[in-house]
Amino acid sequence: MEYLLAVAEERHFTRAAELAGISQSGLSSAIRSLEEELGTALFDRTTRRVELTEAGLALLPYARQMLAQAGAARDAVVMASREVTGSLRIGAEQCLGFVDVAALLERFHRRHPRVETHFTQAGSQDLVAMTRAGDIDVAFVATAKHLGALPHRTLGQESLVLLAAPDHPLAARGSARQEIAWRQLEGEDFIDFTASWGVRELNEDTLAAHGVHRRVRCTVNDVHTLLDLVSRGLGVAIVPRHVAAKPQAAGLRVLNLPEATGSAWIVSVVSASRDRVEAPSAHLLELLADAGAPAESRALAG
């Protein structure tokens with residue numbers, strides 16, 4: 001059921017497998033086995049997209065109910081056998097993609113209601129500094145830099161793409177099959193995030209490495225504002241690929257960028273210290289692994 005929901009939401013077997021923490025072949029095999037058991041196809045597959053069939057749409061609400069009941073059953077057992085108290089301070093950057101922080105917080109609170117939780121949303125650089133200072137116990141950040149000796153694990157990574165309004169000159173030069181050359185970005189007006197966001201530093205380093213000089217015309221602290229400004233033609237933006245898949249980006253052109261060493265957008269979970277196993281932060285990381293995070297994050301919870 002988890003794999004079914006992942007494919008239904010992502011409409012792509014490779015991305016669904018990454019989110020589910022399983023190989024693509026393993027996920028495809030599980031879906032085929034389910035279809036054979038039910039005697040019908042659950043997905044229409046083409047070379048470009050994956051869509052639910054009528055049978056798949058009928059199964060979807062029951063799949064969600066089954067997973068919710070299974071999670072509630074596990075939480076009930078944990079609450080009956082292990083009562084956790086104390087406080088937990090969590091931080092995250094917006095729209096990370098590889099982890100649903102709000103859903104994780106909800107499940108943690110349901111499982112450990114006596115833990116007092118505090119949540120902070122901020123840029124990755126600020127969150128790393130707060131974690132290092134001991135002001136945050138666990139942070140979900142979009143950077144692999146400046147982590148030093150902080151315990152951390154990678155949750156996932158993806159490439160960067162360029163977003164432009166449909167009538168922008170660059171929109172006519174690239175396509176899904178043709179990359180935009182770095183030199184074509186010279187002198188362009190950009191929309192970008194504040195300096196504390198992980199992607200801002202990544203953009204600066206990547207463009208500088210390729211000798212591109214740009215103007216950051218608008219600085220924002222919210223993904224949806226960035227997409228709105230790009231759609232209004234005030235500049236182009238370089239963002240992680242999953243941001244381009246948001247409904248608010250539906251009218252924008254998505255252009256591929258040349259592969260570059262060190263230009264991958266990386267999401268990590270960091271913690272202030274290697275907490276004792278009964279600490280609330282250790283239980284949060286355990287829950288993160290239980291929720292189906294990639295194998296690398298399961299090692300942190302262990």
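Nothing in this text is a laboratory measurement; each read-out follows from the coordinates by a stated rule. Everything numeric here is computed off the predicted structure, so don't read it as measured data. Counting neighbours? That spans all protein chains shown, and the Cβs are built from the backbone with ideal geometry, glycine included.
Each of VAL77, VAL236, VAL220 has some number of other Cβ atoms within 10 Å of its Cβ, and from fewest to most they run VAL77, VAL220, VAL236. Beta bridges from DSSP with both residues in the chain: antiparallel share about 60 percent, rounded to the nearest 5. Take every DSSP beta bridge whose two residues both sit in region 1-126; close to 30 percent of them are antiparallel. Note on HIS118 and ARG11: their simple-model spin labels are 4.2 nm apart, each label 7 Å out from Cα toward Cβ. Given their separation in residues at 0.36 nm each and the Cα-Cα distance between them, HIS210 and SER29 gain 60.9 nm when the chain is fully extended.
Shape summary: region 1-56 maps onto an equivalent ellipsoid whose semi-axes, from the alpha-carbon gyration tensor, are 16, 13, 9 Å in decreasing order. Here region 160-263 is described by how far its Cα atoms reach on the three principal axes: 32, 31, 23 Å, from widest to narrowest. With both residues required to sit in region 160-263, DSSP beta bridges show an antiparallel share near 60%.
Only helices reaching 30 angstrom along their own axis (Cα) with mean Kyte-Doolittle hydropathy no lower than 0.5 count here, and for the DSSP H runs of the chain these are 54-81. Computed extension gain for THR219 through GLU51, at 0.36 nm per residue and net of the alpha carbon distance, reaches 56.8 nm.
In terms of surrounding Cβ atoms within a 10 Å radius of their Cβ, ILE136, ILE22, ILE191 rank from fewest to most as ILE22, ILE191, ILE136. Note on GLU201, GLU93, GLU36, GLU9: ascending count of other Cβ atoms within 10 Å places them as GLU36, GLU9, GLU201, GLU93, the fewest first.
Each principal axis of the Cα cloud of the chain was evaluated for its coordinate range; sorted largest first, these ranges are 61, 55, 30 Å.
Springs between Cα atoms under 10 Å define the GNM used for the chain, and in it the highest mean-square fluctuation of ARG217, ARG111, ARG49 occurs at ARG49. Computed across region 4-120, the Kirkwood radius stands at 16.6 Å (inverse of mean 1/r, all Cα pairs).
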